Amino acid sequence: AAPAPAAARAASTLFDADPTLAARSNVQSPLASVRMGRTEPSVFAEFSELSEKHNAVNLGQGFPDYPMPEFVKEAAIEAIREDYNQYSRPAGHARLVQTLAARYTPRFGRDINPYTEIGVVGGATNAIFSALVALVDPDDEVVCVEPYFDAPKIAADLMGATTIGVPLRADWAETASDWILDLDELDAALNERTKLLVLNTPHNPTGKVFSKAELEGIAKVVQKYPKLVVLSDEVYEGMVFDGLEHQHIATCDGMFERTISVFSVGKTFSATGWRVGYAVGPEELIAPLVRVHQASNFATPTPLQIASAVAFDRASAFGYFDDLKASLEGKRDKLCRLLRTAGLSPIVPQGGYFLLADTTKIGIPTDFPLWEAPEDMPLRERRDFAVCRLLCERAGVTAIPASAFFSEGHRHITDSLARFCFCKKDDTLNEA
């Protein structure tokens, strides 16, 4: 069946708020700074534009197309009606930081000070950006475990820092646990100029959930470098499957003092448009992060902070966190079945709401044998980009090419992979 017209779907896209974005997503102003010129066009905007053009089912964008929970909506309505509508303290309203301290004190195995060790910011991306601006100088190095979400690289580029990727590797992955970080390779990438190590668990886009043993191994490497700070992106902490448990690297011996752990209310409660995120860490790291946030946003919207606190307080009574895991695990399994039926091979994720699928069975003309394209080939000429364009234009389904999550030198690893998002209505997955 032909894909349904875009107008027939209620799902939001990047283009609802700004219908001109598709026409200008790659435009670079001659007045832009040299720093801005270092940044690359967004692959997500590019494929969302293509999806709109071909009326495709968009499994590329990483947000739910189903409603957020009613009790969370009601919390926001109550907060506005109760006149929580003025600025809060830049680091977060007292009500929210106290709730977060109570939540993470037992998880971190230490008393979290709500006023000095938590910073509430405008979404997890803002936390990542603020951390980079606060801690990184020109000529510093930022090491990212890749594949990785592009936010830290964009911030590093703007700061004049160098981003170095250390890849997860797998000979042939069937599940996300098959992706392994080589600690010797990580150690070799670090030096006295390395300011930040960016880690993500549960991992986007592989769906890997790092075990306690794996995190302890990373911690031992980190502790060899006295000035190195870990920026740990843990926005999918509540989305861990198959009986696994999320682990915090900050709980490894000696690591709280050198780790910024980043979380997202938007991911936790399927409210990505709220842009409420927060960071947990020692005062020496949280204070400069909050100062950058204060200079750019000043504060996070107060009614949504209050609503977030109420949502955390009420979630257990509704069985929300268990339901979230069960629902997403079911959607993961459904998309894996559908991909196998279509002749693709999913790499089953352990957490998050993305998965990678192998596309080697899709015949597409290329200039080089699979995995042998030169690393300096322009990104958008690689095989996975061609496959994802084909899927969008001919099959009516949008996915994201995985090589966009890698730095040059490692992009061949995923020439046969595409990222799909499964936090979608069952009807959306069926249509895809």
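The values are calculated or read from the model by the stated rules, or taken from the named source; none is laboratory data. Every value quoted in this text rests on a predicted model; they were computed, and no experiment measured them. Positions of Cβ are generated from backbone atoms using ideal geometry, with glycine treated the same way; all protein chains shown enter the neighbour counts. We work out accessible area using only protein heavy atoms, side chains counted, and drop any ligands, DNA or RNA first. Shrake-Rupley method; radii C 1.70, N 1.55, O 1.52, S 1.80 Å.
Odds and ends about this structure:
- Thr194 being among the β-branched types (Val, Ile, Thr), touching a strand residue (DSSP E or B) at 6+ places or on another chain (Cβ under 7 Å) and in contact (Cβ under 8 Å) with a residue 60 or more places away in the chain: no
- Selected residue (criterion: most open to solvent (accessible area, probe 1.4 Å)) from residues of region 104-145 that are polar (S, T, N, Q) and assigned to a loop (DSSP other than H, G, I, E, B): Asn113
- Hey, Asp65 of a type in the set (Asp, Glu) and modelled with pLDDT under 95 or not: yes
- Region 287-326: number of residues that are open to solvent by 40 Å² or more (accessible area, probe 1.4 Å), farther than 26 Å from Asn85 by Cβ and either touching a Ser or Thr at 6+ places or on another chain (Cβ under 6 Å) or free of Cβ contacts under 8 Å to residues at least 40 places away in the same chain (or both): 5
- In region 360-368 there is at least one residue that is open to solvent by 10 Å² or more (accessible area, probe 1.4 Å), in contact (Cβ under 8 Å) with a residue 24 or more places away in the chain and in contact with a Ser or Thr (Cβ under 6 Å, 6 or more places away or on another chain).
- Which listed residue is closer than 21 Å to Phe63 by Cβ and touching a helix residue (DSSP H, G or I) at 6+ places or on another chain (Cβ under 9 Å), from Ala307, Ala317: Ala307
- Matching residues in region 245-272 - criterion: being under 26 Å from Asp313 (Cβ atoms), surrounded by fewer than 24 Cβ atoms within 10 Å (Cβ to Cβ) and either touching an Asp or Glu at 6+ places or on another chain (Cβ under 6 Å) or in contact (Cβ under 8 Å) with a residue 60 or more places away in the chain (or both): His246, His248, Thr251, Phe256, Gly266, Ser270, Thr272
- Residue within region 335-353 that is part of a strand (DSSP E or B), modelled with pLDDT of 95 or more and touching a Pro at 6+ places or on another chain (Cβ under 9 Å) present: yes
- Exactly one residue out of Lys208, Lys227 is on the phi < 0 side of the Ramachandran plot and out of contact with any Gly (no Cβ under 9 Å at 6 or more places or on another chain), and it is Lys227.
- Matching entry among Thr125, Thr116 (being on the phi < 0 side of the Ramachandran plot, modelled with pLDDT under 95 and of a type in the set (Ser, Thr, Tyr)): Thr125
- Hey, Tyr225 over 23 Å from Val348 (Cα atoms), part of a loop (DSSP other than H, G, I, E, B) and open to solvent by 10 Å² or more (accessible area, probe 1.4 Å) or not: yes
- Candidates Glu237, Glu214, filtered to the one that is under 30 Å from Ala75 (Cβ atoms) and not small (Gly, Ala, Ser): Glu237
- Top-ranked residue in region 293-322 [being part of a helix (DSSP H, G or I) and polar (S, T, N, Q); ranked as nearest to Met68 (Cα to Cα)]: Ser308
- There is no residue in region 182-190 that is among the hydrophobic types (A, V, I, L, M, F, W, C), without any contact (Cβ under 8 Å) to a residue 24 or more places away in the chain and not in a helix (DSSP H, G or I).
- Screening the candidates Lys361, Lys325, Lys331 for the property of being outside any helix (DSSP H, G or I) and of a type in the set (Lys, Arg) yields one hit, Lys361.
- Residue in region 182-195 that is nearest to Tyr225 (Cα to Cα), counting only those that are surrounded by fewer than 17 Cβ atoms within 10 Å (Cβ to Cβ) and charged (D, E, K, R): Glu192
- Residue list for region 146-181, filter: open to solvent by 20 Å² or more (accessible area, probe 1.4 Å), in a helix (DSSP H, G or I) and modelled with pLDDT of 90 or more: Ser177, Asp178
- Scanning region 407-422 for residues that are buried (at least 24 other Cβ atoms within 10 Å of the Cβ) and touching a residue at least 60 places away in the same chain (Cβ under 8 Å), we see that the one that is nearest to Asp171 (Cα to Cα) is Thr414.
- When residues of region 372-404 are limited to those that are open to solvent by 10 Å² or more (accessible area, probe 1.4 Å) and in a loop (DSSP other than H, G, I, E, B), the one farthest from Asp150 (Cα to Cα): Glu372
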